[in-house]
Amino acid sequence: MKSVVTTVIAAADAAGRFPSTSDLESVQGSIQRAAARMEAAEKLAANIDNVSKEAYDACIKKYGYLNNSGEANETQVKKDKCLRDIKHYMRLINYCLVVGGTGPLDEWGIAGGREVYRALDLPTAPYVEALRFARTRGCAPRDMSAQALVEYNALLDYTINSLS
């Protein structure tokens, strides 16, 4: 799994050099933000079911037609799978908070994700809407500290941009 540390070391190694000052500053910045990321990861882990369900409800509210016959969310099985997918993205965001990099999202959520959705003829807009809702719902200090919320929102933005 890629983290800032492994990414910096791999890039320097591939270039046949030691990590540069800017490489080390990147690692140091990641370490300095580690407490905020851990706080966000703990809060998300403790509330992942509620956050995912609220995000799912928000996307279905906006895209209610998906529940119609012949659409992507027409049966309970499909509804359960949609909620599962939203929860999967939230879990990957949680993993990214822990490792301090986008590796889990890149490897397990984004690479090939759009292709799978295209192959199954599933729209990505509802997932984007769910993630946007999760982003706007987060509030400091109610849910987590301001810095933890910054870390959490940055990963939501990354995922939203990747799926858009």
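If you average the sequence gap of Cα pairs under 8 Å that are 6 or more apart and divide by the length of the chain, what percent do you get for the contact order? Each step should come with its number before you reach the end.
Details: 164 pairs, mean separation 50.3, N = 164.
RCO, the chain: 31 percent.
With the chain treated as a Gaussian network of Cα nodes joined by springs under 10 Å, which of Gly109, Gly16, Gly64 yields the largest mean-square fluctuation?
Gly16
Rounding to the nearest 10 and keeping the result within 0 to 90°, find how far the Cα-based axis of helix 76-99 lies from the longest principal axis of the chain.
Taking Cα atoms only, the helix is inclined about 10 degrees.
Dividing the alpha-carbon radius of gyration of the range 34-163 by 2.2 N^0.38 Å (N being the number of residues), what value is obtained? List each step's numbers first, then the result.
Details: Rg = 14.5 Å, N = 130, 2.2 N^0.38 = 14.0 Å.
Rg over 2.2 N^0.38 Å, computed on Cα atoms: 1.04.
What do you get for the angle between helix 34-62 and the principal long axis of the chain? Use alpha-carbon atoms, 0 to 90 degrees, nearest ten.
Relative to the chain, helix 34-62 is tipped by roughly 20 degrees.
Any chance you could give the angle, 0 to 90 degrees and rounded to 10, that helix 125-137 forms with the longest Cα principal axis of the chain?
60
Using a Gaussian network model on the chain with a 10 Å cutoff between Cα atoms, which of Leu149, Leu105, Leu131 fluctuates the most?
The residue that fluctuates most here is Leu149.
Can you give the alpha-carbon Rg of the range 1-99 over 2.2 N^0.38 Å, where N counts its residues? Each step should come with its number before you reach the end.
Numbers: Rg = 19.5 Å, N = 99, 2.2 N^0.38 = 12.6 Å.
Compactness ratio reported: 1.55.
Since every read-out is calculated from the coordinates, none of them should be taken as a lab result. Just so we're clear, the structure is a prediction, and the values are computed from it rather than from any experiment.
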